[in-house]
1. Tally up the residues in region 108-155 that are closer than 28 Å to P91 by Cβ, at pLDDT 80 or above and of a type in the set (V, I, T), please.
2. Can you confirm whether G185 is crowded, with 17+ Cβ neighbours inside 10 Å, touching a helix residue (DSSP H, G or I) at 6+ places or on another chain (Cβ under 8 Å) and on the phi > 0 side of the Ramachandran plot?
3. Based on what the data block shows, is T75 surrounded by fewer than 16 Cβ atoms within 10 Å (Cβ to Cβ), polar (S, T, N, Q) and touching a Phe, Trp or Tyr at 6+ places or on another chain (Cβ under 6 Å)?
4. Go through the residues of region 103-114 one by one and say whether even a single one is within 24 Å of R56 (Cβ to Cβ) and in contact (Cβ under 8 Å) with a residue 24 or more places away in the chain.
5. With a cut-off of at least 2 residues that are closer than 17 Å to Q184 by Cα, modelled with pLDDT under 85 and among the basic types (K, R), name the helices (runs of 4 or more DSSP H) lying wholly within region 1-107.
6. Quickly run through region 108-129 and pick out the residues that are in contact with a helix residue (DSSP H, G or I) (Cβ under 8 Å, 6 or more places away or on another chain), part of a loop (DSSP other than H, G, I, E, B) and surrounded by 15 or more Cβ atoms within 10 Å (Cβ to Cβ).
7. Out of all the residues in region 138-157, which are under 19 Å from A183 (Cα atoms) and surrounded by 16 or more Cβ atoms within 10 Å (Cβ to Cβ)?
Amino acid sequence: MDRRTLLALSAAALPALGAPWLGTRPALAQAAGPATLSERDRADIGRAEAWLGALRTLKARFLQIAQNGAAAEGTAWIQRPGRMRFEYDPPEPLLLVASYGQFFYFDRELKQATTLPLSATPLGMLLRDQVRLSGDVTVSRVERGGGLLRITLFRTGQAAEGRLTLVFSEAPMELRQWAVVDAQGQETRVTLTQAEYGGRFPAILFDFNDPRFREELGIPN
């Protein structure tokens, strides 16, 4: 699978990696703007914030599908605040880890690692201790249908970077999917299944200073 599409999972702006959220597309920048929110919209946004704020740990399978149809699967671990791990199934050699305020991208096949601030990624918004879909985050659309609630947002003042849509089931409220649309209008969807909540994870799961990574990169311990 094209590495460029995989990076849309988490990276909002990765210049060093040539990621999809680079550059601007005027049509996208013009289309994205703050929504006029109804009372019901505000209530649903509040419910989404409350659910995300209450989330502490999550383990799930994920299916990632790019706009060109390319797909990849794997296992995700989230431990709020601030920690995440996405391990792709073979043959994809990618590992994504968030911790210590940093986002770590590791390609085992190329033996390349890159880090960037977690705050520069859309998933960084979900890993904050206090989740607020306002302020430095702007909601551009709220939609409902088929028992699902969709909230589309972007970083305030940075609409040209792209947008993130969070998809929740409404009864019960649960995050089921997110979709990233990059600055070129390319969409990548990630769907979560087999979700398990409240588990305990070993700290090393989120440690990108793990000696195993250093050994694979040829960095002396």
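The values are calculated or read from the model by the stated rules, or taken from the named source; none is laboratory data. Since the structure is predicted, the reported quantities are computational estimates derived from the model, not experimental observations. With ideal geometry, Cβ positions are generated from the backbone for all residues, glycine too; neighbour counts draw on all protein chains shown.
1. 2
2. no
3. Considered against the rule, which asks whether it is surrounded by fewer than 16 Cβ atoms within 10 Å (Cβ to Cβ), polar (S, T, N, Q) and touching a Phe, Trp or Tyr at 6+ places or on another chain (Cβ under 6 Å), T75 comes out as no.
4. Yes, region 103-114 contains at least one residue that is within 24 Å of R56 (Cβ to Cβ) and in contact (Cβ under 8 Å) with a residue 24 or more places away in the chain.
5. 3-6
6. Passing the criteria: R108, L126, L127.
7. T138, V139, S140, R141, I151, T152, L153, F154, R155
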